[in-house]
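The structure appears right after this line, and notes come after that.
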Amino acid sequence: MKPLEFLEPRTLEEACSLLSEHKEDAKLIAGGQTLRPILRHRLLAPKYLINIKGLSELDYIKELPGELKSGAITTHRTIETSPFIGRKFPMLVEMERSLGSVQIRNWGTIGGSLAHADPSGDPAPALIALGAKVKVVSTRGEREFPLENFMTGYLETALEADEILTEITVPYPAPNSGGAYLKEAIKAGDIGIATVAAMITLNGKQQVKEAKFVLGAQSTPPIRATQAERAAVGKRAGDNIEDVAEAAAKEARPQTDILGSVEYKLELVKVLIKRALSLAIARAQAT
Amino acid sequence: MKQLLKLKVNGDDHEVYVDPRRSLAEVLRNDLGLTGTKESCLSGYCGACTVLIDGKAVKSCLIFACQAQGKDILTIEGLAKDGQLHPLQQAFIDHFAVQCGFCTSGMILSAKALLDENPNPSEEEVRNGLIGNICRCTGYRKIVEAVLAAATDKNQAYH
């Protein structure tokens, strides 16, 4: 790792000033679970690390009318074990349980994961399927926009050099909704070979009225499988859903790598989306 | 440029001058001489570096030592009290859950955090809780038995 200096802002405002002052010479560090290995491999060599892990003003989960707000520094473990999130967003808990290990989740943060924007990251597909928004802040003000538009490329986001991701907002699912986060990995907690996040809403308790499918572990930022979503509308438990699987496979963009070939990954997408849809319907019926 | 760090480890206060790039694992081992915490993959994968920070299991190789200031750090050296092994340590011995011993420090600390939070885990909960700790020797069965045994140990108050 190249030499660097730790800067310790005591407030978000100070952090924004420091980032505005140093811009690309600085990197924000929250849990550092992804950043530290990157620095050790010298993929990045900032002069300063702005430590925001201690900014307790960004560590919260707020139950508000109609929506949940989570601070960016909230740890994965806090989200995983929150009774409120367990009730309202069980799909998020399912996602967190598949992420790394307890140790990683105890220290790593939700904001850190999203800002890192690894296409194989688990939180983004799940949160996109839930219609999440993010807030970013700088000395120039704040902006808010859908998480779907936040990840722009491989490890790239819409963040300007002086901006900090501070908050994630997730609307409560409609009544008769159910979701699933399915991840195929070699070992529990590993990087996903293929991942699918699904949220569906039923008409009454029988037919899919609305579906959201997000494919992760692609060569691109998470993909909303809109054709698969359209194919899922009208389906009931037990219906043939091969058309949903075929549609998703056409929209997927995996790459051959050490985890598997394109053909294998496309096959996984088909399997996972069928399982996710069936699970989501069953869970919606159980509400 | 080195920086002064104040770390509280196993109840003791330490002041060390370290390069800010150092991980908590490096500082524990090299500056504080606490070599029970092991470094292996340096990628946050194997868990041999697991310590507890404020009671929560974390991978010390993935944490900058600077970020561990102002917290209560527990390493394997901090488990035994007055020469008496912690029930988990004794259970690992009694159930042959140690072979080469390299994963053991991290494994025991992960298990401690697990049992502190969930004193009566099922086998599945123990296996899930130890996902972050790899063992190349034992095949995990004896480790899981030891953790379950420590949980049900009625002779010693489990703390």
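Label positions at B:ASP153 and B:TYR17, each projected 7 Å from the Cα along the C-beta direction, are separated by 4.2 nm.
If you take all other residues with their beta carbon under 14 Å from the beta carbon of A:ILE85, and give Lys and Arg +1 and Asp and Glu -1, the sum is +2. A full extension of the chain between A:THR226 and A:ASP243 corresponds to an added length of 4.8 nm, given 0.36 nm per residue minus the alpha carbon distance. Run the Debye formula on the Cα coordinates of the protein assembly as shown, all scatterers equal and no solvent, and tell me log10 I(q)/I(0) at q = 0.07, 0.12 1/Å. Calculated log10 I(q)/I(0) at the listed q: -0.37, -1.06. The calculated FRET efficiency for the pair A:ILE258 and A:ALA158, based on their C-beta separation and a Förster distance of 25 Å, comes to about 0.30. For chain B, the longest principal axis of the Cα atoms and the long axis of helix B:104-117 meet at an angle of about 70 degrees. Subtracting the Cα-Cα distance of A:GLU267 and A:ALA174 from 0.36 nm times their residue separation leaves 30.4 nm of extension gain. Remark: for residue pairs B:LYS6/B:LYS38; A:LYS183/A:LYS212; A:LYS187/B:LYS112; A:LYS187/A:LYS265; A:LYS205/A:LYS235, the C-alpha separation exceeds 18 Å in B:LYS6/B:LYS38; A:LYS187/B:LYS112.
Label separation (B:THR35 vs A:GLU24): 4.4 nm, computed from points 7 Å beyond Cα along the C-beta direction. The phi-based Karplus calculation (6.51 cos²θ - 1.76 cosθ + 1.60; θ = phi - 60°) puts the 3J(HN,Hα) values of region A:27-34 at 10, 6, 10, 9, x, x, 5, 9 Hz, whole numbers, x for Gly and Pro.
Using a simple spin-label model with pseudo-atoms 7 Å out from Cα toward Cβ, A:LYS69 and A:GLU142 lie 0.6 nm apart. Amide H to amide H distances under 5 Å link A:GLU167 with A:ALA72, A:LYS135, where only residues 5 or more positions off or on other chains count and H is placed in the peptide plane.
Residues A:LYS183, A:LYS250, ranked from the fewest to the most other C-beta atoms within 10 Å, line up as A:LYS250, A:LYS183.
The amide H of A:PHE6, built 1.01 Å from its N in the peptide plane, has A:LEU49 as neighbours under 5 Å, considering only residues 5 or more places off or on other chains.
Using θ = phi - 60° in the Karplus curve 6.51 cos²θ - 1.76 cosθ + 1.60, the 3J(HN,Hα) couplings for region A:128-134 round to 5, 4, 8, x, 6, 10, 10 Hz; x is entered for Gly and Pro.
Read-outs throughout are calculated quantities, based only on the coordinates presented, and are distinct from any laboratory measurement. Keep in mind that what you see is a predicted model, and the values were worked out from it rather than measured. Counting neighbours? That spans all protein chains shown, and the Cβs are built from the backbone with ideal geometry, glycine included.
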